[in-house]
Amino acid sequence: MEMKFVQITVTLSFLISSYGATKRTWWKHDLTYGIFLKSFMDSNGDGIGDFKGLISKLDYIVHIGIKTIWLTPFYSSPQADGGYDISDFYGIDPIYGTMEDFEEFMKEMKKRDLNLVMDLVINHSSDEHEWFEKSVNRIEPYTNYYVWVDPKRYDRNGNPIPPNNWSSVFNLETPSSAWTWNEKRKQFYLHQFHAKQPDFNLRNEQLKTELKNMIKFWLDKGVAAFRLDATEFLMEDPLLRDDIDAESITKVIQGEEETETPRLHHADTFKFLHELRMFFRQYDHENKKQRETAGFSEVYATINTKMRYYGTKSAPVMHYPYNYLLTMLRKYLDAEQMMQFLN
């Protein structure tokens, strides 16, 4: 999900990252530089930042004390949502360079002992992804890789009616349905963001295996950690119950209100994230990694809900959720408000 991006993400979010910490680990203490690759450094004069441009600035990044770089998505994408609509999870979008450029970037990162945090977008793909196109045509094993639902009923003119009142959060100011009808498949597909970003069905075991294979591909390239996009939307209520009213759901999504909703922070989301955390741990063990693979979750929520994303000692979830409530300090710049956001 594209958002206004603050380049330096030392961030006050990290203030809560050492909650319960008992020993020093890189992801708790490193100074992190968040980079929107598209606008960072252009190497060829086309007006778009790229990997070669980023490589040329690595010495500067080291000079200012940075240890970790977080990059926004650079996967192949039609760019309907700033690269968060991915058409190939294994590809580098040509606007940023080639896979060889990325591998050179990782080589230069390693020389300088820098870590890369990569955006991991597994709530959805682009509707131009091969998996979605095969799902539309009910080609196995892709038939149920996405959330497909029959219409609730048809109106008097024969138009299909969406299964519930869920709205897309792509534009909260002018909400529209989170369901789009596919004439070929004769079903609605869920898209909690742009209509070109169909939601994955993360209850499908084959899909989860595919996604883990993709994650392993990038870990093998040297990625140190993942920032999970749109974490709170990963798993929805399987009964597809109606949501609360639009005004209330906006407050919940923005972390301003603690309200139960059928599609945010579902219990199955935490189970899936725990499974992912165990996958990271297994990868580290099998590859004898010296630095722990970490997962950070994008969550807009009250502190009580946010704390659930840490999990427990026996069932850990993510390493930490970003405290995006702190971005609200632009509106409420006082110590009392900060304390509220941290408690």
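The values are calculated or read from the model by the stated rules, or taken from the named source; none is laboratory data. Predicted model, so just to flag it, every value in this text is computed and none were measured. Methodologically, a virtual Cβ is constructed for each residue, glycine included, from the backbone with ideal geometry; neighbour enumeration extends over all protein chains shown. The accessibility values were calculated without ligands, DNA or RNA, using every heavy atom of the protein model including side chains. Shrake-Rupley method; radii C 1.70, N 1.55, O 1.52, S 1.80 Å.
Annotations
- Qualifying residue in segment 176-187 (condition: assigned to a loop (DSSP other than H, G, I, E, B) and of a type in the set (Phe, Trp, Tyr)): no
- Taking first residues from segment 112-127 that are within 18 Å of Ser297 (Cβ to Cβ) and open to solvent by less than 10 Å² (accessible area, probe 1.4 Å) and partners that are of a type in the set (Asp, Glu) and part of a strand (DSSP E or B), the Cβ contacts under 9 Å between residues at least 6 apart in sequence or on separate chains come to Asn123/Asp199; His124/Asp199.
- Selection over segment 314-331 of residues that are open to solvent by 40 Å² or more (accessible area, probe 1.4 Å) and at pLDDT below 90 gives a count of 3.
- Scan of segment 133-182 for residues that are loosely packed, with under 14 Cβ neighbours inside 10 Å, at pLDDT below 95 and among the β-branched types (Val, Ile, Thr), ordered by number: Thr174
- Only one of Phe132, Phe217, Phe170, Phe193 that is touching a strand residue (DSSP E or B) at 6+ places or on another chain (Cβ under 7 Å), assigned to a loop (DSSP other than H, G, I, E, B) and aromatic (Phe, Trp, Tyr): Phe193
- For segment 291-325, the tally of residues that are in a loop (DSSP other than H, G, I, E, B) and touching a helix residue (DSSP H, G or I) at 6+ places or on another chain (Cβ under 9 Å) stands at 14.
- In segment 196-214, the residues that are outside any helix (DSSP H, G or I) and more than 16 Å from Val121 (Cβ to Cβ): Arg203, Asn204
- Of the residues screened, Asn204 is not one that is touching a helix residue (DSSP H, G or I) at 6+ places or on another chain (Cβ under 7 Å), at pLDDT 95 or above, open to solvent by less than 50 Å² (accessible area, probe 1.4 Å) and polar (S, T, N, Q).
- Scan segment 181-204 for residues that are under 10 Å from Trp148 (Cα atoms) and among the polar types (S, T, N, Q) and the total you get is 3.
- Looking only at segment 49-100, and only at residues there that are of a type in the set (Ser, Thr, Tyr), outside any strand (DSSP E or B) and touching a Pro at 6+ places or on another chain (Cβ under 9 Å), the one that is most open to solvent (accessible area, probe 1.4 Å): Ser87
- Hey, Glu247 under 30 Å from Tyr189 (Cβ atoms), modelled with pLDDT under 80 and of a type outside the set (Ser, Thr, Tyr) or not: yes
- Of all residues in segment 34-48, those being in contact with a Leu (Cβ under 7 Å, 6 or more places away or on another chain) and open to solvent by 60 Å² or more (accessible area, probe 1.4 Å) number 1.
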